[in-house]
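Undergrad: Mind looking over this structure? Questions follow.
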Amino acid sequence: MTRSPFSHTSATSSNPALLTAIGLAIVATIALIYRLGSIGLIDETEPLFAEAARQMVETGNWITPYYNDVTRFDKPPLVYWLMAIGYRLVGVNEWMARLPSAIAAIGLMTLVCLVVVRCVPRSRSPQGYLKPWFAGGLAGAITVLNLHTLVWGRTGVSDMLLSGCMGGAMLAFFMGYRALEWDEILRGDRVPGGFFGDSGERSQVAFAPRSARAWFGLFYVLLALAVLTKGPVGLALPGLIIVPFLLIVGRLRSTLRSMGIWWGIPLFLAIVVPWFVLVIAENGQVYIDSFFGYHNVARFTSVVNRHSAPWYFYLIVIGFGFFPWSAYLPAAIAQFHPWHVAAWRRASRSQQLPLFALCWLVGIFLFFSLAVTKLPSYVLPLMPAGAILVAIVLADATFGASSIALNPSEIDAPRSPSRWLNVGHGASIVLWLGWTIVLWTIPLWYTYDPAVPKIDRQLIESGVCQGVGIGLALITLAIMLIALFRRSWIGSAQVIGFCLFTIVSFHPLLNEIDRLRQLPIRDIASQIQAIRQPNEPVALLGFEKPSLVFYLRDPVIFLDRTSTTRDWIDCLTPNTSALLITDEKRQEELELPPDRLTAISEHQRYRLARVEAPAQTPAQTSRNCAQPHEL
């Protein structure tokens, strides 16, 4: 019989809450805080958010976001506000641009841990009283120790903030729903109803217990913040999860009566409506068409920005993005039997946490699978649900089964599907091996980058991929040995392995790619600030690099064709100049005489030059010379 890894750990036994808190603090530091601002902003999306927040601080306009002196209606303002507040407090830098995402991930991790600790009961093993803390700590760790959260929790965009607000709202709802159970027990009204309502339930609860009201209040606040982060999807997704869950357990009407909708909806609207009223008043129909029409309806019903993908796209994204924990999702489904509706209705509300997590995971997966526009970040909000399911499965495997799932006598099936769990162990090792091969062989398949000539050769010369591959191979070997000889330690081993992966593989590889791809842009921005003449415009031909705007702290003209660039140069004020960034091929295509173009420097593929305007421009009388940002 395999012993629990906690059999002789006196520190754990004496204060599991303290040990869990320390463990999660270490995990959060490694995954989200360590080297958070060590690399530059990553083109294309991250600088758009960071610069819009910077322009809020510079202009004092906290209603309408701007990027490059043009309105940016892609997202509501919460992420910009948080970044801008950070800029005002400590200055404009990458660390502050990413801190809202990191804080959202840490807050979500903490709440996941709290909910699981409160819902998972002790097991009957000698150390069974540690099980809730192990399960909660593991669930919190898994929430941030997966590739999806690791990437977006360290990126200054709105995705992690949406996941934190929406995931927090979901967990707050469940805790409020769970708190209602005590009221039902006291009233003697816990009678399950029909599938489409509560006809069999006698409860006529008008006022929820105080703890339930507090959790539902947090639910409404976080729901409003989710809408202020990314718009209507922050309200639609929780509804598509909560309503099916309540229908399955037969408590839809009674729960809605107890949620305080009469005060919750006004609270929600009081947080959400003011900004939307102000931004529409300031921008009118242009904002409505752009935000609601293009960035919400069009993204769901049509392909936007060429982001199309097949129906199975998110199966691949979850499989690799939720690494290494996605290997255990089939075991979770096999263990919790979501199809046994009658048994789930008889379960206590705490026992229904796995069912709620399954509704959460499946709801988000189906919603975005139906959407025509598909991006990997869209399924980020389902990661906490996966973390809850996997943590409970692994806690059961470590400490023995408990009443968190269904009773075997009610479903006529084994409680601990060891076969599926063994498949999960094997699949996780396959994933580790797969990522080891992928990262070790990057120069073989990452052979072209429009910003970095011969990037494959440069990666080989740096030696970073070899170091990353060796480190990952050693981690994979250790996890394989633990899976073979100390299987009850596998959850802890995966956590430690992923932390080591972050330090020895993720950061070195990210730093090297930043050096090759993003550092040239930062160097160019620094050089321009040193040599730029007063009111001299800056243009970038053939590359759209929003990070240049952020680091230059000034608008940049993005030009896509050499013909457009010639027109723009001809329209410059006579006897003035401009700074132009492009590559060798496009610079030659401009066919400017030597006295009109002066080379300044070269950074990877980018060439910085000063172009002189014509001494006189008669063409301006016959050409409509647009303003730079209108080209």
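Throughout, read-outs are computed from the coordinates displayed, never taken from laboratory work. Please read all numbers here as calculations on a predicted model, not as lab measurements. Neighbour counts run over all protein chains shown; Cβ positions are idealised from the backbone, glycine included.
Undergrad: State the extension gain, in nm to one decimal, for the chain segment bounded by residue 348 and residue 289, taking 0.36 nm per residue of separation less the distance between their alpha-carbons.
TA: Length gained between residue 348 and residue 289: 16.6 nm.
Undergrad: Here is a follow-up. Take the stretch 463-510, drop everything but the C-alpha atoms, weight them equally and run the Debye formula without solvent; then report log10 I(q)/I(0) at 0.14, 0.21 Å⁻¹ to two decimals.
TA: At q = 0.14, 0.21 Å⁻¹ the computed log10 ratios are -0.34, -0.66.
Undergrad: So which lysines pass the test for residue 585, namely a Cα distance under 21 Å, with those fewer than 8 places away in the same chain ruled out?
TA: 454, 545
Undergrad: For residue 449, enumerate residues with amide H under 5 Å from its amide H, sequence gap 5+ or separate chain, H modeled in the peptide plane.
TA: For residue 449, the qualifying residues are 454, 455.
Undergrad: Determine, for each peptide in 73-82, 276-285, the mean count of other beta carbons within 10 angstrom over its residues, then list the peptides with the highest first.
TA: Per-residue Cβ counts within 10 Å, averaged per peptide and sorted highest first, yield 73-82, 276-285.
Undergrad: Remind me, relative contact order of the stretch 10-403 in percent, using alpha carbon pairs under 8 angstrom and six or more residues apart?
TA: Reported as a whole number, the value is 20 percent.
Undergrad: Also: Can you tell me the equivalent ellipsoid semi-axes for the stretch 428-489? Use √(5λ) from the Cα gyration tensor, largest first, whole Å.
TA: Equivalent ellipsoid semi-axes, largest first: 31, 10, 6 Å.
Undergrad: Quick one: grab the alpha carbon gyration tensor of the stretch 548-611, order the square roots of its eigenvalues as a ≥ b ≥ c, and give me rounded if a/c is under 1.5, else prolate or oblate depending on whether a/b is larger than b/c.
TA: Verdict is rounded for the stretch 548-611.
Undergrad: Tell me the label-point distance for the pair residue 315, residue 256, using the 7 Å Cα-to-Cβ offset, in nm and rounded to one decimal.
TA: 3.5
Undergrad: Could you compute the FRET efficiency for residue 265 and residue 22, with r as their C-beta to C-beta distance and R0 at 56 Å, rounded to 0.05?
TA: It comes to 0.90.
Undergrad: Check each of the chymotrypsin sites (Phe, Trp or Tyr not before Pro) in the stretch 518-551 and keep only those in coil by DSSP with at most 13 other C-beta atoms within 10 angstrom; list them in order.
TA: For chymotrypsin sites (Phe, Trp or Tyr not before Pro) across the stretch 518-551 that sit outside H, G, I, E and B with at most 13 neighbouring Cβ atoms in 10 Å, the list is empty.
Undergrad: Report the gain in length on full extension from residue 35 to residue 341: 0.36 nm times residue separation, minus Cα-Cα distance, nm rounded to one decimal.
TA: Roughly 105.5 nm would be gained on extension.
Undergrad: Subtracting the Cα-Cα distance from 0.36 nm times the residue separation, let me have the gained length for residue 461 to residue 598 in nm, one decimal.
TA: 46.1 nm is the gain from fully extending residue 461 to residue 598.
Undergrad: Straight-line reach from residue 230: which lysines fall under 22 Å, measuring Cα to Cα and dropping same-chain residues less than 8 apart?
TA: 75, 374
Undergrad: Based on the Cβ-Cβ distance from residue 441 to residue 560, what FRET efficiency comes out when R0 is 51 Å, to the nearest 0.05?
TA: Efficiency for this residue pair is about 0.90.
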